[in-house]
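Okay, structure first, notes after.
The values are calculated or read from the model by the stated rules, or taken from the named source; none is laboratory data. Everything numeric here is computed off the predicted structure, so don't read it as measured data. Please note: Cβ atoms are built from the backbone with ideal geometry, for glycine as well, and neighbour counts cover all protein chains shown. These area figures cover heavy atoms from the full protein model, side chains too; ligands, DNA and RNA do not enter into them. Shrake-Rupley method; radii C 1.70, N 1.55, O 1.52, S 1.80 Å.
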Amino acid sequence: MQCDAKFDFLTRKHHCRRCGKCFCDKCCGQKVPLRRMCFVDPVRQCAECALVSHKEAEFYDKQLKVLLSGATFLVTFGNSEKPETMVCRLSNNQRYLLLDGDSRHEIDIAHISTVQILTEGFPPGEKDTHTYTSLLGSQPASEGGNARATGMSLRFAAPGAEGLTQLKLTAGEDAHASRRQSTAWLAAMHKATKLLYESRDQ
């Protein structure tokens, strides 16, 4: 399905374990871990799928731990002018964003429609966000350069509410260690969102 090789007794047919397409050994010779499909050992994948799977393996080994550990942010809901200090983390089943502070909120990731990673480091007047128009199916709307993440804005459908609710997370300035942890969490979230777009059709 890639090089148009004719299969015979010597040129055997192989299936990529990720996309399911048929390839010859040359086009489907890489064996890469595929945790999202619950394969314990590395499995045969085509070159295109292997590239995405390598990125996923890095995410599982590095970024996922950061997202599960959580970080402290100043959180603003809707049009509220007063932010609340909360710890934001990914749930253990990776389906919810959990926010814990004076109040507690649980956001179903499947109900998030828009994510913006707020960054700094742009000249005045330039757009300072990485925007993803939908976690479920759209391409990223815009991306900037290599700038440091300072916050995240997202819109989601809250149970029982009409329309979308806006949520903004901002890394606080109070403690250096806390700020560093928050920045690391935002960077991991940025990579997770990008990876979701790259792998959504795989």
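Just one of the numbered conditions (1) touching a residue at least 40 places away in the same chain (Cβ under 8 Å); (2) within 25 Å of A184 (Cβ to Cβ); (3) exposed (fewer than 14 other Cβ atoms within 10 Å of the Cβ) is not true of V115; which one? Every condition holds for V115 apart from (3). Determine whether the range 69-76 contains at least one residue that is without any contact (Cβ under 8 Å) to a residue 60 or more places away in the chain and among the aliphatic types (A, V, I, L, M). No - not one qualifying residue is present in the range 69-76. Being of a type outside the set (V, I, T), at pLDDT 90 or above and open to solvent by 60 Å² or more (accessible area, probe 1.4 Å) is a property that E198 lacks. In the set (1) modelled with pLDDT of 90 or more; (2) among the polar types (S, T, N, Q); (3) assigned by the TED database to the domain that holds L154, Q45 fails one condition alone, (3).
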